[in-house]
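What follows draws every value from the coordinates through simple rules; no lab data is involved. None of these values were measured; they are calculated from a predicted model. Note that we place each Cβ from the backbone using ideal geometry, even for glycine, and neighbour counts take in every protein chain shown.
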Amino acid sequence: MSGEAREACGLFGIYGHDEAVYNTYLGLYSLQHRGEESCGIVSTDGRDLRYHKAMGHVSDVFNPDILERLRNRAAIGHVRYSTTGGSCIENAQPFVASYARGPIAIAHNGNLVNATDLRHSYERHGGVFQTTSDTEVVVHIIAKACHNTREERYGHCFNSLRGSYSLLLLTPHEMVAARDPHGLRPLSLGEMRGGACHVIASETCALAQVGARFVRDVEPGEMIRISPEGFKSYRFVPAEDIRPHHCIFELIYFARPDSMVFGQNVHEARKRFGAQLAREHPVEADVVIPIPDGGNSAAIGYAQESGIPFDHGFIRNHYVGRTFIQASQDRRNAGVAIKLSIVPHVVRDKRVVVLDDSIVRGTTSRAKIAQLRAAGAREVHMRVSCPPHRHPCFYGIDFQARQELIAARSSLDEIRRFLDLDTLGYLSVEGMLSCVAGPREHYCTACFTGEYCVLPSEDVGKFSLEAGGPA
Ligand code: SF4
């Protein structure tokens with residue numbers, strides 16, 4: 001990955017297993033790439049909720065004593081990168097609260113584009129919020145709902161939300177999974193023990209991690225409730241009103257290559273992006289190398305289609321800590337060099353095609369190209385396995401400001417010169433859509449095309465809930 005865009009979060013939930021908490025811990029481990037700032041697990045014994053959450057990686061936050069203290073037969077977990085609300089323990093999830101009907105925990109992947117409006121309206125009527133995360137409004141809506149059944153109350157809540165949400169709820173009575181009517185973020189259903197135990201995860205790699213069988217995706221506009229009464233599926237939006245807009249950037253960048261996302265294997269989709277890129281932007285060269293890990297699959301596809309040999313020109317250092325200090329530009333370049341080192345023999349005196357999954361701000365790519373030049377590459381041709389990012393994302397990916405995007409303010413030739421490349425080629429929107437499973441209109445491409453499926457409130461942004469309330 002280029003390291004310039006970050007995902008919102010990852011979810012894992014399991015109901016009806018003696019090792020529910022340990023399996024949640026394992027599931028979160030395999031979803032760590034979706035959020036590295038904080039994580040948490042909540043479990044229930046059927047009467048109350050127990051939880052532990054903290055800043056840091058799953059491996060740092062949990063130990064055997066904590067897992068034992070949480071031990072129960074149902075649990076949900078969350079890994080977080082902040083897209084609305086700052087990075088602090090108050091905003092770590094799952095979010096846990098108590099209301100008139102008892103305790104509830106909520107884990108959210110996505111971004112609610114009407115959270116500010118909803119929150120201000122609750123605050124005007126005396127509502128008190130503990131966090132600056134958009135997820136907290138979900139609790140307020142559920143607490144205020146006066147419908148007779150749980151399903152109606154949850155359905156009312158989900159219908160009040162706009163934007164992207166894959167959600168997991170846990171109460172002493174049930175685990176609930178829901179996905180927004182656009183299906184923007186992935187959410188998968190699995191089962192263990194012949195269907196006696198149900199598992200929900202952001203990606204199927206987490207299902208495989210715990211030995212669960214992938215059953216199907218949670219459908220856009222669907223709510224699944226798992227309780228002592230069994231498994232039930234409800235539609236909170238009629239099927240005929242569903243307009244899927246799956247985030248195509250999950251396939252390009254975020255999801256793990258071994259996951260099935262939106263009906264296809266991510267590694268295979270990335271190879272198809274690379275092969276299409278080779279057809280759209282051929283070049284005479286000696287070697288194809290990826291920028292690891294995000295460019296790996298696309299580079300294989302480019303090499304296979306073009307007939308140019310594939311090799312590893314960069315080697316990733318897996319032991320670089322998150323706290324590597326890189327305050328100045330020089331230090332940032334050093335940071336890139338310490339994370340990725342060059343194999344000089346692969347690139348020296350060669351015409352090199354380098355594959356990356358995206359260029360967002362351009363600064364990281366520039367440092368990588370400088371490494372290739374310093375190692376003696378004769379020509380450097382960059383191929384990017386998605387179209388230029390020209391528009392912000394309001395649905396949970398951290399590039400919300402247009403001015404942050406190099407392709408929004410520079411021509412392709414200006415980008416090429418800034419990066420010090422011989423040639424630069426991006427995948428076309430049409431080419432990208434020709435590589436994915438299912439109808440092309442079922443994918444969100446807004447950060448490339450500016451065509452948004454849900455428009456945000458005017459003041460939506462990462463810190464829109466940080467300070468100040470309604471006027
Ligand atoms: S705008 Fe881009 S990153 Fe955001 S949901 Fe759509 S495709 Fe994904």
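From the C-alpha coordinates alone, can you work out the Kirkwood hydrodynamic radius of the stretch 56-140, in Å?
14.5
What per residue convex hull volume, in Å³, do the alpha-carbon atoms of the chain yield?
Normalising the Cα hull of the chain by residue number yields 140 Å³.
List the residues whose amide H sits under 5 Å from the amide H of V380, counting only those 5 or more places along or on another chain, with H placed 1.01 Å from N in the peptide plane.
Here V352, D422, T423 satisfy the definition.
When you count, for each residue, the other Cβ atoms within 10 Å and take the mean per peptide, how do 54-61, 125-132 rank with the highest first?
Result, highest mean first: 54-61, 125-132.
Short version: ³J(HN,Hα) in whole Hz for each residue of the stretch 30-44, in order, from phi by Karplus 6.51 cos²θ - 1.76 cosθ + 1.60 (θ = phi - 60°), x for Gly and Pro, what are they?
Coupling constants for the stretch 30-44: 7, 9, 4, 4, 8, x, 10, 8, 8, 7, x, 9, 10, 10, 9 Hz.
As an exercise, use a Förster radius of 35 Å and the Cβ-Cβ distance of L455 and E430 to find the FRET efficiency, rounded to the nearest 0.05.
0.90
Out of all DSSP beta bridges with both ends in the chain, state the antiparallel percent to the nearest 5.
Taking every DSSP beta bridge within the chain, about 80 percent pair in antiparallel fashion.
Arranged from highest to lowest average of other beta-carbon atoms within 10 Å per residue, in what order do the peptides 187-195, 377-385 appear?
Ranked by mean Cβ neighbours within 10 Å, highest first: 377-385, 187-195.
Which FRET efficiency value, to the nearest 0.05, is calculated for R124 and A145 with the Förster distance at 22 angstrom and r the Cβ-Cβ distance?
It comes out at approximately 0.75.
Below 23 Å Cα-Cα, how many Lys pairs turn up in the chain? Only count pairs eight or more apart in sequence, or on different chains, if you could.
Summing the qualifying lysine pairs gives 5.
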